[in-house]
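Got a structure for you, questions after.
The values are calculated or read from the model by the stated rules, or taken from the named source; none is laboratory data. Just so you know, these numbers come straight off a predicted model, no measurement behind them. Glycine also receives a Cβ, built like all others from the backbone with ideal geometry; neighbour counts cover every protein chain displayed. The area values use the complete protein model at the heavy-atom level, side chains included, leaving out ligands, DNA and RNA. Shrake-Rupley method; radii C 1.70, N 1.55, O 1.52, S 1.80 Å.
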Amino acid sequence: MKAIRIHEDGGPDVLRYEEVADPEPAEGEVLIELRAASLNHLDVWIRKGLPSVPKPRILGADGAGVIAGTGERVVINPSIVSNGTTHIVGETMDGTHAELIAVRREFVHPIPGDLTFEEAAAFPLVFETAYRMLVTRARLQPDEWVLIWGIGGGVATAALSLTKALGGRVVVTSSSDAKLEQARRLGADAAVNHDTEDVVARVKDLTGGGAHIVVDDVGEATWRRSLDAARVEGRIVVCGATSGPNPPAALHRVWWKQLSILGSTMGSPDDFQGAYDLIAAGKARPVVDRVFPLADARLAHERLEAGEQLGKIVLSI
């Protein structure tokens, strides 16, 4: 089969489109003929060696296709739980940026609703992550306001879709007015340019005192404003720190406003199922930014690293 593999850590130039041996399904696994796979920041980090993984390694956590020898259209839950340990497809095992993959049957699900292969490949990791952040960790309630930083990313667009599906209200930010306008069309109640506007003042005005929940995976560049934009007894939920993991703590704001700081990462089978059910019911839907052929994975990585996308970058297979 053809696959995208890395043999060393580095930039997009280390990605190789090459022929590799077909996977052999073990007992309890099914062979999937992949039709689409998406990119996540996880793929960029693994490619760079953050963390470094055994090589050669096929990248890619998310994928959709058909079970070999059948017409069954399926999508993969990339968070594989085994003996109490979570393994992520494409990190601790070969991934989806290939023509074939073998996966344990219980982590393969019918494609929900009328989603295309590309849309199905765009939702698992980010929707599972966002569902865990909003529902399992932050306990989102109807009519609560959620502030989402950096609406271009996959987790951010998933958080927007899920919040609206669950009856919440959303303020998004971006430095791109074009992305803000697109976010409004996707259902955002308000959109703020975080480079040219006072995010804290706008959020407090829009929400009547501050956001109930702040979704922050940016870190140092946004942390102080996240603390200030949250209302008293608000919740700030963190799943990453793309601008740096060590902002000034500003602990006085945490205790004075009685804030809850919640860490979150990936998700459990229940988190995947919660997001899956909302998509299957037509209440939430993934956003596809651009589709590249598998052979052009390098261009897809370059677009992701440049931050040009709104939604998920997908590889067609």
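Counting heavy atoms of the protein chains only and a 1.4 Å probe, report the per residue accessible area for the chain as a whole number of Å². Can you show the working numbers first?
Numbers: 13050 Å² over 317 residues.
Heavy-atom SASA per residue in the chain reads 41 Å².
If you take the charge dipole of the chain about its Cα centre, with +1 on Lys and Arg Cβ and -1 on Asp and Glu Cβ, which of 59, 4, 250 is farthest toward its positive end?
Value computed over the given set: 250.
Count the DSSP beta bridges whose two residues both fall in the chain, then state the antiparallel fraction as a percent rounded to the nearest 5. Write out the running numbers ahead of the final one.
Working: 32 of 58 bridges.
For the chain, the DSSP antiparallel bridge percentage is about 55.
On average over all directions, what projected area in square nanometres does region 112-258 have, based on the convex hull of its Cα atoms? Before the final figure, lay out the partial values.
Working: hull surface 34.8 nm².
So the mean shadow area of the Cα hull is 8.7 nm².
Another question, then. Using only protein heavy atoms and a 1.4 Å probe, report how much of residue 204 is accessible, in Å² to the nearest 10.
Residue 204 exposes around 90 Å² with every protein chain in place.
For residue 281 and residue 18, what is the calculated FRET efficiency with R₀ set at 35 Å and r taken between the beta-carbons, to the nearest 0.05?
0.30
Another question, if that's okay. Can you give me the Cα centroid spacing of region 1-39 and region 230-299 in angstrom?
27 Å
Leaving out ligands, DNA and RNA, what percent of the accessible area of the chain is carbon and sulfur, probe 1.4 Å?
On the way: 6360 of 13050 Å².
Exposed carbon and sulfur together represent 49 percent of the surface.
Give the relative contact order (percent, whole number) for the chain; include only Cα pairs under 8 Å separated by 6+ residues.
It rounds to 19 percent for the chain.
Let me know the charge dipole size of region 108-148 about its Cα centre in debye, to the nearest 20, where only the beta-carbon of Lys, Arg (+1) and Asp, Glu (-1) is charged. Don't skip to the answer; put the middle values down first.
On the way: 3 positive and 6 negative charges, 61 e Å.
The dipole of region 108-148 has a size of about 300 debye.
Right, here's the next one. Please label the shape of region 22-73 as rounded, prolate or oblate, based on the square roots a ≥ b ≥ c of the eigenvalues of the alpha-carbon gyration tensor (a/c under 1.5 means rounded; beyond that, a/b larger than b/c means prolate, else oblate). Intermediate values should be presented prior to the final figure.
Numbers: a/c = 3.49, a/b = 1.79, b/c = 1.95.
Note, shape of region 22-73 comes out oblate.
Same structure, new question: What are the semi-axes of the equivalent ellipsoid for the chain, taken as the square roots of 5 times the Cα gyration tensor eigenvalues, largest first, in whole Å?
Working: eigenvalues 229, 80, 64 Å².
Semi-axes from the Cα gyration tensor: 34, 20, 18 Å.
Could you tell me how many degrees, from 0 to 90 and to the nearest 10, lie between the Cα long axis of helix 154-165 and the main elongation axis, the longest principal axis, of the Cα atoms of the chain?
70 degrees
Calculated FRET efficiency, residue 243 and residue 270, Cβ-Cβ r, R0 30 Å, to nearest 0.05?
Details: r = 31 Å, r/R0 = 1.03.
Once rounded, the FRET efficiency stands at 0.45.
Counting only residues 5 or more places away or on other chains, whose amide H sits under 5 Å from the amide H of residue 144 once H atoms are built in the peptide plane?
169
Take the Cα pairs of region 85-142, get the Kirkwood Rh, then feed it into Stokes-Einstein at 25 °C and 0.890 mPa s and tell me D in µm²/s. Walk me through the intermediate numbers first.
Values: Rh = 13.6 Å.
After rounding, the answer is 180 µm²/s.
Once amide H atoms are placed 1.01 Å from N in the peptide plane, what residues at a sequence separation of 5 or more from residue 101, or on another chain, have their amide H within under 5 Å of its amide H?
Amide H to amide H, under 5 Å and 5 or more residues apart or across chains, residue 101 pairs with 32, 34.
Please give, to one decimal in nm, the separation of the simple spin-label points placed at residue 87 and residue 68, each 7 Å out from Cα toward the Cβ.
The two pseudo-label positions are separated by 1.8 nm.
Same structure again: Looking at the square roots a ≥ b ≥ c of the eigenvalues of the Cα gyration tensor of region 172-277, which shape do they give, rounded for a/c under 1.5, prolate if a/b is larger than b/c, or oblate? Walk me through the numbers on the way to the answer.
Working: a/c = 1.44, a/b = 1.01, b/c = 1.42.
Rounded shape, in that the Cα axes give a/c under 1.5.
Expressed as a rounded percentage, what relative contact order does region 156-224 have, with Cα pairs under 8 Å and six or more residues apart?
Normalised by residue count, the contact order of region 156-224 is 23 percent.
Would you kindly derive the ³J(HN,Hα) couplings of region 304-317 from the backbone phi angles with the Karplus curve 6.51 cos²θ - 1.76 cosθ + 1.60 (θ = phi - 60°), listing them in order in whole Hz, with x for Gly and Pro?
In residue order, the calculated couplings are 5, 5, 6, x, 7, 7, 10, x, 9, 8, 10, 9, 8, 10 Hz.
Also: Per residue of region 292-302, in order, report the coupling 6.51 cos²θ - 1.76 cosθ + 1.60 (Karplus, θ = phi - 60°) as ³J(HN,Hα) in whole Hz, putting x for Gly and Pro.
10, x, 3, 4, 9, 4, 4, 5, 5, 4, 5
Could you grab the Rg to Rh ratio for region 1-135? Cα atoms only, Kirkwood for Rh. Present the calculation step by step, with values, prior to reporting the outcome.
On the way: Rg = 14.3 Å, Rh = 15.0 Å.
Radius of gyration relative to Kirkwood radius: 0.95.
Looking only at region 242-274, which residues have a backbone nitrogen under 18 Å from a spot 7 Å from the Cα of residue 233 in the C-beta direction?
Only 254-262 fall inside the zone, counting backbone N under 18 Å.
Same structure again: Restricting to lysines 8 or more places apart or on different chains, can you count the pairs in the chain with Cα atoms under 29 Å from each other?
Taking the chain as the scope, the lysine pair count is 17.
For residue 74, list long-range residues whose amide hydrogen, built 1.01 Å from N in the peptide plane, is under 5 Å from its own amide hydrogen.
65, 66, 67, 111
At 222 nm, what value in deg cm²/dmol follows for the chain if DSSP H runs of at least 4 each add -39500 (n - 2.57) and the sum is divided by all its residues, to the nearest 500? Could you put the intermediate results ahead of the total?
Numbers: 10 runs with 86 residues, N = 317.
One gets -7500 deg cm²/dmol as the mean residue ellipticity at 222 nm.
Further, regarding this structure: Assuming R0 = 41 Å, can you tell me the calculated FRET efficiency for the pair residue 255 and residue 55, based on Cβ-Cβ distance, to the nearest 0.05? Intermediate values should be presented prior to the final figure.
Values: r = 46 Å, r/R0 = 1.13.
In this case the efficiency is close to 0.35.
Counting only Cα atoms, I'd like the Rg/Rh figure for region 267-317, Kirkwood definition for Rh.
Values: Rg = 13.9 Å, Rh = 12.6 Å.
Checking Rg against Rh, the ratio lands at 1.10.
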